[in-house]
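Asks: One structure, as structure tokens, below. Some questions next.
The values are calculated or read from the model by the stated rules, or taken from the named source; none is laboratory data. Values in this document were obtained by computation on a predicted structure and should not be read as measured data. Here Cβ is always computed from backbone atoms with ideal geometry, including for glycine, and neighbour counts include all displayed protein chains. Side chains included, ligands, DNA and RNA excluded: accessible areas come from the protein's heavy atoms. Shrake-Rupley method; radii C 1.70, N 1.55, O 1.52, S 1.80 Å.
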Amino acid sequence: MNFQIDNNVHCKTTSTPKRRRLGTQIVVRGTNNKNTVTNCKSPEIKHFSENIVTLDGWDSPPLPCNQVEYLSDSGNNTNDDIHCDPDVMESCFIADAETSKLQMECENIQSSHVEKEINEISDDMFLSRLEQKSTQSDEVILTSRCEQHFIEEINDGFEAINQSIIAIKDGDNLFETKDSFLLEVDDVLSQPKPHHCKTDHGMKSEVRSELKVPKDHFYQLPMITKGLFKTYRKIEKLYDWQEECLSLDAINERRNLIYALPTSGGKTLVAEILMLREVINRKRNALFILPFVAIVQEKIWSLSPFALQLNFLVEEYAAGKGHIPPKKRRTKNSIYIATIEKGLALVRSLIELDRLHEIGLIVVDELHLIGEEGRGGTLETLLSTVLFVNKTIQIVGMSATIGNINDIAKFLQADVYQRQFRPVELTEYVKLGDVLHRIVWGDNTMEVIPDRQLKYDYTEAATNLDPDRLGGLVAEVVPAASCLVFCPTKKNCENVASLLCKMQRKEMLSHRVAERAELSRALRAEGGGALAHSVRCGVAYHHAGLSSDERNLLETAFRSGVVSVLCCTSTLAAGVNLPARRVIVRAPLVGRQFMSLGAYRQMVGRAGRAGVTDAGESIVICGAREWESLRGVLSGGLPPARSVLGGALPALLLSGAALRLAQDRPGLRRMLRTTLLAVTHEHTVDIKQCCDDAIRSLLRSGALEVAPGGARAASEDVCYVHDDSQLMVTRLGRAAIKGCMDLNVAKQFLSDLEVASRSLVLMGSLHLLYLVTPHDASGIKPDYRHYHSLYDKLDDEGIQTAKVLGITEKTAIRMMTGKTITDVPEKVLCRFYIALMLHDLWKQLPFPDVADKYCISRGMVQAVMSSASSLAACAVRLCEELELWTFRALFGELAPRLQHCASPQLQQLMELPAVRKARAMQLMRAGYKRIEDLAKATPEDLVSSIDHLSRTAANHLISAARMMLIEKVENLRAEAEDVMDELKVK
């Protein structure tokens, strides 16, 4: 059947009273199936007037680690933290005696009232409706008294638990008494909390949004915040630009803002202060969008001490973690730290429950990613949805590399703040031949000035081995300082690291030998034989092929100076905070593509960081043939971040209809006009046409349908779609939105479930793991001869699962002989290969062994496991929406275990941010088997019992453990309050 989208405003043939009630324009659709459009006859193309669009065709619309630390002072008695007298923090911590007293008071209250209250509750709850009406006035009084008593008991009890968690160890103090700024802490923290109105939602929102700035404050925050920044960040005073930015009218008037500064300028600190203001002063939640899972976990780790002391929560939304929808809390506010994908799922869930007003601020790091294929469309969808739904949420974006910042500002309806500030001077060079040329930037110009000729005491053999003098450039700064070498590919990273090992001088080889030997042993245990050899020379490589354990070991060692040289790919520039004294760009390439100015700025921006180095240098090694291209890139300006919404456009409109934001063509057009696409493609894209095309594809796929009575068929094979009928989302479309799945992926997943429902293999977990294996097979193409050897070793479970999927002995013989396999789709073969790998991980085989067995890099093994964990979490929500309760129960147990594939004893410890298997095993061996054990520990306990753990890291670990316990308590509080709401007499 053809779908015709009619752009005429009036349609005489459909002006019945029922249709007039639906709107001023009408969308008409004829179908023989109420739920989907997939059973229609083959479409017949017919041509009508130019205002009618013909619909033909039936296509569907189109990411850990060992925390051993190698510190420069390597001893356990570090002086990273600042101490103070216990009396200073009386307002932050309740002593054990006070806790006991509070608990006794609660018990006394309960014992004195329990009998009376039980009687009153019984009388109240078991009255008939007629009796309730006759005693209405008495009922109101009784309800008020009972409700108030229970709420007070719940709040007092949970608050006592929270405070007892915070004050588990009275002697663990973080601040020194010499700081005068702490003298007013008691006054600041003892201010009364704002009263929450229980009868009117609007009044409650208004009260909670009231800005309460402490009398003596640190940038409108309690003075204790200054101590926290000094203790954990070594920050005592903000830069001038940061003070200026925090005082902008856009900030004070809560307008949207984009601020852009070079890398290492201190952008994140401003964002953190804004989020702290939001949760502490305005009593609203904040959402922090970050590009990578590793950065999310790093930020959770760094903000946990702040949350513990300032009485808010930090919640992680990455991979399989995070409650969708978030828990509704009434006494604490949260900073949600999320990846782009999980941030979108969180926002959609809040919109569906009419709770988006709970968020007051959204901060987006690396805003330029909105122009990147893949994630860019997801980020644009998130921001467009928020802009369309709620104008009161403040959006703050930050980046160092936005070329068309005015276009992005127009899209976000934001003010712009730009500065060229760097706390540490960066000197940039380009190496042409044997001469270093200094890059001099002017107003929209770039010049190179010869600086010096490179002369090193190379032998003839060394010259042949290292014609670019890379070893000499590195030796100028190491081991006294650090050096990053950016390489185009993963293989080039390994080759350059091997070269530098051969070129190192004696002073480099004799630097911190014992610590390097220990690092080498740790890497060897993770399977990194080549790495274990190179780190003894102070050199290592870092790329996505390494496991997160290996990467974290190397990052920690590099920060502490044990590893002096790190050869890495460009992804490290955007994903990890590793400042260095000198940055060398091995070649002006990223992969096989010539690098952009944005990529160059990200890489060289790692040179020099306040508090780490006093200066920074960058050197780009460039051949004569590449110089003209490089000159053009450097002088050409930053590339614009243009919309890549394209393939994500149907999903945006589908979510708009599913969340009841827009349910007709005019509404969906208005939603589309809030996107970046409408700004960057204003003169090249017809928004109206794009909207119509997306609606067609959604109707064809069965994700959308027209409300009953709003369709009229012109003939058996042709129907019209007009403007004023209501568009409805089918169960398939709603399930895809709920599961945060692409529509095609959701269809394929449901098809797999249909097959599995008839022959699900429950001899073990292999078949279930196959169902949550990524549908793109992560680009892995197995060697079929090796595949055959694995097939021969399958147990009964494996053979039965393979048989259900159509993989038989005949298929295995074709693998062995190299003949073309025609009886099983290649995608099924690849997914089963990965499922076998996941099954070995599920059985807790070591990562290195699994990687070797399946001929896949350790990094890829971990990436596949993370993807499968995310898909399992999505499958839970999809099955819940479709009421597939059996599969929902099975996947519900699958998702959390797939995050780590560790034993149940270790899994609880690995829930802590940045704690991976090696660190969890260290904690277990030291007697810390539960989160509660860590929460009760002191930094001294941990430092003395865990090898290579600094006091700062111990404080972070204890804070994170206490924060997890408090979050659990708050979850229970939320559940108790929900029960109280249900018990209210209406």
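Asks: Search segment 266-290 for residues being more than 25 Å from Glu380 (Cβ to Cβ), part of a loop (DSSP other than H, G, I, E, B) and in contact with a helix residue (DSSP H, G or I) (Cβ under 7 Å, 6 or more places away or on another chain), and hand back the single one that is most open to solvent (accessible area, probe 1.4 Å).
Replies: Lys283
Asks: Would you say Thr263 is part of a loop (DSSP other than H, G, I, E, B), among the polar types (S, T, N, Q) and more than 30 Å from Trp441 (Cα to Cα)?
Replies: So Thr263 does not fit the description; no.
Asks: Continuing with this model, one more query. Among the residues of segment 546-566, is any part of a strand (DSSP E or B) and farther than 23 Å from Ile856 by Cβ?
Replies: Yes, segment 546-566 has at least one match.
Asks: Restricting segment 530-553 to residues that are open to solvent by 10 Å² or more (accessible area, probe 1.4 Å) and among the hydroxyl-bearing types (Ser, Thr, Tyr), which is farthest from the chain's Cα centre (by Cα)?
Replies: Filtering segment 530-553 for residues that are open to solvent by 10 Å² or more (accessible area, probe 1.4 Å) and among the hydroxyl-bearing types (Ser, Thr, Tyr), the one farthest from the chain's Cα centre (by Cα) comes out as Tyr541.
Asks: May I ask you to list the residues in segment 606-631 that are open to solvent by 40 Å² or more (accessible area, probe 1.4 Å), small (Gly, Ala, Ser) and outside any loop (DSSP other than H, G, I, E, B)?
Replies: Result: Ala624, Ser629.
Asks: Hey, Gly442 hits all of (1) open to solvent by 20 Å² or more (accessible area, probe 1.4 Å); (2) at pLDDT 90 or above; (3) small (Gly, Ala, Ser) but one; which does it fall short on?
Replies: (2)
Asks: Restricting to segment 348-366, count the residues that are outside any loop (DSSP other than H, G, I, E, B) and within 16 Å of Met275 (Cβ to Cβ).
Replies: Adding up the residues that qualify gives 7.
Asks: Tell me, please, whether a residue that is surrounded by 22 or more Cβ atoms within 10 Å (Cβ to Cβ) and either modelled with pLDDT of 95 or more or of a type outside the set (S, T, N, Q) (or both) can be found in segment 246-256.
Replies: No, the conditions are met nowhere in segment 246-256.
Asks: Report yes if His775 is assigned to a loop (DSSP other than H, G, I, E, B) and either surrounded by 14 or more Cβ atoms within 10 Å (Cβ to Cβ) or not charged (D, E, K, R) (or both), otherwise no. Walk me through how you get there before you give the answer.
Replies: Numbers: assigned to a loop (DSSP other than H, G, I, E, B): yes; either surrounded by 14 or more Cβ atoms within 10 Å (Cβ to Cβ) or not charged (D, E, K, R) (or both): yes.
So His775 fits the description; yes.
Asks: Which of the helices (runs of 4 or more DSSP H) contained wholly in segment 478-529 include at least 1 residues that are under 36 Å from the mean Cα position of the chain (by Cα)? Full working, then the answer.
Replies: Working: elements: 490-503, 506-509, 513-525.
Where helices (runs of 4 or more DSSP H) fall fully within segment 478-529 and carry at least 1 residues being under 36 Å from the mean Cα position of the chain (by Cα), they are 490-503, 513-525.
Asks: Continuing with the same structure: For Pro825, indicate whether it is within 17 Å of Cys901 (Cα to Cα) and open to solvent by 10 Å² or more (accessible area, probe 1.4 Å).
Replies: The answer is no for Pro825.
Asks: When you go through (1) open to solvent by 10 Å² or more (accessible area, probe 1.4 Å); (2) touching a helix residue (DSSP H, G or I) at 6+ places or on another chain (Cβ under 7 Å); (3) farther than 23 Å from Ser548 by Cβ one by one for Ile335, which number turns out not to apply?
Replies: Result: Ile335 passes all but (1).
Asks: Separate question: Mind listing whichever residues of segment 576-587 are buried (at least 22 other Cβ atoms within 10 Å of the Cβ) and either among the hydrophobic types (A, V, I, L, M, F, W, C) or not in a strand (DSSP E or B) (or both)?
Replies: Pro579, Ala580, Arg581, Val583, Ile584, Val585, listed by residue number.
Asks: Taking segment 837-871, which residues are of a type in the set (S, T, N, Q), assigned to a helix (DSSP H, G or I) and open to solvent by 10 Å² or more (accessible area, probe 1.4 Å)?
Replies: Start the filter on segment 837-871 by keeping residues that are of a type in the set (S, T, N, Q), which leaves 844, 857, 862, 866-867, 869-870.
If we keep only those that are assigned to a helix (DSSP H, G or I) too, we end up with 862, 866-867, 869-870.
Selection gives Gln862, Ser866, Ser867, Ser870.
Asks: Among the residues in segment 898-919, are any at pLDDT below 85, within 26 Å of Leu871 (Cβ to Cβ) and β-branched (Val, Ile, Thr)?
Replies: Yes: segment 898-919 contains one or more residues that are at pLDDT below 85, within 26 Å of Leu871 (Cβ to Cβ) and β-branched (Val, Ile, Thr).
Asks: Still on this structure, I have one more. For segment 900-942, how many residues meet the condition of being open to solvent by 40 Å² or more (accessible area, probe 1.4 Å) and under 21 Å from Val296 (Cα atoms)?
Replies: Total satisfying the criteria: 3.
Asks: Looking at (1) within 26 Å of Gly892 (Cβ to Cβ); (2) surrounded by 16 or more Cβ atoms within 10 Å (Cβ to Cβ); (3) modelled with pLDDT under 90, can you tell me which one Leu750 breaks?
Replies: Of (1) within 26 Å of Gly892 (Cβ to Cβ); (2) surrounded by 16 or more Cβ atoms within 10 Å (Cβ to Cβ); (3) modelled with pLDDT under 90, only one is false for Leu750: (3).
Asks: Given segment 634-687, what helices (runs of 4 or more DSSP H) lie entirely inside it while holding 3 or more residues that are under 22 Å from Leu743 (Cα atoms), open to solvent by less than 10 Å² (accessible area, probe 1.4 Å) and not acidic (Asp, Glu)?
Replies: Counting at least 3 such residues, we get 649-658, 665-672.
Asks: Tell me, which residue of segment 383-420 that is part of a strand (DSSP E or B) and under 29 Å from Leu353 (Cα atoms) is farthest from the chain's Cα centre (by Cα)? Lay out the reasoning, then the answer.
Replies: Here is the first cut: in segment 383-420, the ones part of a strand (DSSP E or B) are 394-399, 414-418.
Of the ones still in play, those that are also under 29 Å from Leu353 (Cα atoms) are 394-397, 414.
Details: Gln394: 20, Ile395: 17, Val396: 17, Gly397: 16, Ala414: 24 Å.
Applying the filter and picking the extreme gives Ala414.
Asks: Please go through segment 301-313 and pick out each residue that is over 12 Å from Leu228 (Cβ atoms) and open to solvent by 10 Å² or more (accessible area, probe 1.4 Å).
Replies: If the condition is that a residue be over 12 Å from Leu228 (Cβ atoms) and open to solvent by 10 Å² or more (accessible area, probe 1.4 Å), then Trp301, Asn311 are the ones that fit.
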